[in-house]
Each structure stands twice: as C-alpha cells, then as structure tokens.
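Single-structure report; data block below.
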Amino acid sequence: MLQNALADAGYPERVLVACSGGPDSLALAAVAAYFARRGHVDGRPVSVAAVVVDHQLQPGSADVAARAVRTLEDLGLAPVQLRTVEVASTGFGPEAAARDARHAALDAAAEELGCQAILLGHTLDDQAEQVLLGLARGSGTRSLAGMRPARGRLLRPFLGLRREETLDICEAEELDPWHDPSNADPAFARSRTRVEVMPVLEEKLGPGVAESLARTAAILQQDADFLEDMAKDTYEALRQRMDDGVWLPEDAVRDLAPALRFRVIAKAAADVGGQQPGYGRLQAAEALLRRQGSAGPVELPGHVGVYRLSLSDLEQEQALAGPGVPREAARCGKLVFRHQKPPQQ
C-alpha cells in the first residue's frame, strides 16, 4: 500500500512519517523503514525522516514521545524530530484544536527537512468512524467523503488496512506500540464511536460494516470532487467583483440545481474572506432569493454579510447617481457578499 501511495504521489524523494508511537503510525513507520533501508521505491530513490508530536495533553506525554523517537531511530529513520506543541482552544473542540496544532508541526517539520510527502497512519477503521460521525452530525457530502488517501502532501497509505492488521505488523516487527488511553475515553465522540458504537453495529448488522462505511466514503469522494469542479466553474462564470466584495446575478443563482446553488453561495462567502458556512446559515442566505424587494443582510461565519439588492432598487440607485455615472445593464437583482469589520472588543 505504501509503495502504491508513493507511486501515485510521483515518487517523492524525501518522505516524512508522522508517528505517535501508537500501533497504526508505528506500523507505517516500520514499512517506510523497509523502503528507507532499500533506498528506493520501484527504482526511484527515497529517504525517510520522522517526526513525533507531543501535544502535552496527558501526564507523561514527554516520556511517550521520547520512547517513540528512540523506536524510530532504531528502525533506521533519520533524522527523527520531536516537536512539542501548545494546543490552544479554537472553539471547535479539543480534538480539532489538537489536530490543527499537530498539522502545523508536521508542515513545519516537512519544510525544514525538505520533505515532499507526509505519511499519516489512518486506517480503514478511522475512515469508517469518520463517516459515522459525519452521519450523526448531519454533515454534507464533503464530510461524509471522509479522509482522502492523498491531499496535498499528506498521504494516508493505510486507509485500506484494518486496525488489527497494523497490530499484526507491529508484532511481526517485534515493536511494542503505545496505546493512547484517550482512544477509550468516553468524553470524546470519536472514542465512543470506536469503543461503543462500532462493535454494536458489527454485532447487530453483521461483519463488514466498517468496510461498507469506508466504501461509502470512497464513492462520495468522487461525487464531492465532481460537484466541487462544477461549482468552481459556475461561480467563476457568475462572479462579478466590486471594490468591497462580490455579487452574483440572482436569476442565474436561483436557476441552479440546489446542490450547486449552495456551493456557489459558499464559494462567494469564502472569496470575500469568510469561513465555510454551516447548512443552516447557507439556507438563510439562499432564502434571500425568495424574498420580495431588497433583503438582508444575513451574517455568515468569518464576518461576511450577504444581502439581496432588488432590480427596482438597482434602477433607483442608478437614477439617483445622475447622468455622468456609467450605468449597468441590469436585468435582475443581485446577491451581494461583503466582508464586514468585526465589532470592536
């Protein structure tokens, strides 16, 4: 699997393995070390470095990280970095905050070491849990599509591998992985999904639930990519720029299929500096198209305001502007997106 992942990525010469010391990432490090000792993948040169990130979230985390570093050095990976991070509160939960801090550390290590790819040890079980969590939260296609095998320089070669198989690799390589106690902590939704929900589904629905959920993610990834490309092309064709934002012709947006309409509105919000809106906020913005006269603004995440400017109001604005001001050939109203300054604290 790693061989195929590196081939698909264009055979990067310098690879970085992210390792926590747990069975999944340690098994991946062991497989990567095999290619490092050979010095090539399919005849293409490769060298493998590693990084261990200490999140400082548990007592004794420094000892766990130091032990992982020694294990990776014993496997022959070089250099092996240890990066300690501060996990700041982001408002999106502790798991998201830890992930953001970890990815920032991985990106910094990759830049410093000149690595073109970062290997992550997520497995098929992780993918199944991701899809199940997305379903429970009522997420859209992008979330249900789960984790990508490749996203930028992040590679996940083990997404087709079960968690039990990584334990088998560790046993075969005589490695003693660390088992993170937070993986069984019911305080975290993912842990409850792993320890309580998935075993019940396997028992009640029969074996193969994890594989089915992972297969669903693979199918939805194709759908999400197709819709994303269509939405990008549609948005670029409709977008009109202003000095302080963008606007879209409301008739054209209204005529779009709902799946495209919501995505185009989200792209306009992002274009003026906003964040990805949730479904409720997108519905509120989309509802402006069904209002009479000018309406709004609707506030979207990231201090973006969107409002509808009706055709009659546009014509009135142009009439008031006077004869010396160039006039637009307006045929319909506008959906206007502007970034708003946050209120002073």
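The values are calculated or read from the model by the stated rules, or taken from the named source; none is laboratory data. For clarity, every value in this text was computed on a predicted model and none was experimentally measured. Positions of Cβ are generated from backbone atoms using ideal geometry, with glycine treated the same way; all protein chains shown enter the neighbour counts. All accessible areas refer to the heavy atoms of the entire protein, side chains included, with ligands and DNA or RNA removed. Shrake-Rupley method; radii C 1.70, N 1.55, O 1.52, S 1.80 Å.
Would you mind computing, in nm to one decimal, how far apart the modelled labels at A104 and A184 are, each placed 7 Å from Cα along Cα→Cβ?
Result: 3.2 nm between the two label points.
Ordered by packing density, taken as the mean number of other Cβ atoms within 10 Å over each peptide's residues, highest first, how do 244-257, 289-302 rank?
244-257, 289-302
Please work out how much length the chain gains when fully extended from A259 to A218, using 0.36 nm per residue of separation minus the C-alpha to C-alpha distance, in nm with one decimal.
That pair, A259 and A218, stretches by 12.8 nm at full extension.
Would you kindly state how much longer the chain becomes between H303 and L135 on full extension, computed as 0.36 nm times their sequence separation minus their alpha carbon distance, in nm to one decimal?
Separation in residues times 0.36 nm, less the Cα-Cα distance, equals 57.7 nm.
Less than 15 Å apart at the alpha-carbon level, and either on another chain or at least 8 residues along: which aspartates and glutamates does that give for K232?
D223, D271
Rg to Rh ratio, the chain, alpha-carbon atoms and Kirkwood radius? Mind showing how you got there, number by number?
On the way: Rg = 24.8 Å, Rh = 23.2 Å.
Expressed as Rg/Rh, it is 1.07.
Report the percentage of all Cα-Cα pairs in the stretch 81-201 whose separation exceeds 24 Å, rounded to a whole percent.
Percent of Cα pairs beyond 24 Å in the stretch 81-201: 36.
Given q = 0.17 Å⁻¹, what are the Debye log10 I(q)/I(0) values for the stretch 1-124, with equal point scatterers placed on the Cα positions and solvent ignored?
-0.83
Heavy-atom accessible area per residue, the stretch 184-302, 1.4 Å probe: how many Å²?
55
Expressed as a rounded percentage, what relative contact order does the chain have, with Cα pairs under 8 Å and six or more residues apart? Please list the in-between numbers first.
Working: 541 pairs, mean separation 45.9, N = 345.
Relative contact order of the chain: 13 percent.
Can you give me the distance in nm between label points at K341 and A7, each placed 7 Å from the Cα along the Cα-to-Cβ direction?
5.8
Would you calculate the separation in nanometres between label points at D233 and E202, each defined as 7 Å from the Cα along the Cα-to-beta-carbon direction?
4.3
Roughly how far apart, in whole Å, are the Cα centres of the stretch 205-284 and the stretch 26-55?
37
Calculate log10 I(q)/I(0) of the stretch 115-183 for q = 0.25 Å⁻¹, where I(q) comes from the Debye formula with a single equal point scatterer on each Cα and nothing for solvent.
Evaluating at q = 0.25 Å⁻¹ gives log10 I(q)/I(0) of -1.13.
Fully extended, how many nm does the chain gain between V195 and A66 (0.36 nm per residue separation, minus their Cα-Cα distance)?
43.7 nm
Using only the Cα atoms of the stretch 150-222, build the gyration tensor, take square roots of its eigenvalues as a ≥ b ≥ c, and label the shape rounded, prolate or oblate: rounded if a/c is under 1.5, else prolate if a/b is larger than b/c, else oblate.
In terms of gyration-tensor shape, rounded.
Suppose R0 equals 22 Å. What FRET efficiency, 1/(1 + (r/R0)^6) with r the Cβ-Cβ distance, do L113 and A88 give to the nearest 0.05?
0.35
Compute the accessible area per residue over the stretch 7-51, keeping the other protein chains in place, probe 1.4 Å, unit Å².
Result: 36 Å² per residue.
List the lysines whose Cα lies under 20 Å from the Cα of K341, skipping any in the same chain that are fewer than 8 positions away.
K267
Just to be sure I understand: if I project the alpha-carbon convex hull of the stretch 108-150 onto a plane and average over all orientations, what area do I get in nm²?
So the Cα hull casts an average projection of 3.8 nm².
Within the chain, what whole-number % of the accessible surface is contributed by carbon and sulfur, with the 1.4 Å probe and all protein chains included in the calculation?
For the chain, the apolar C and S fraction of the accessible surface comes to 51 percent.
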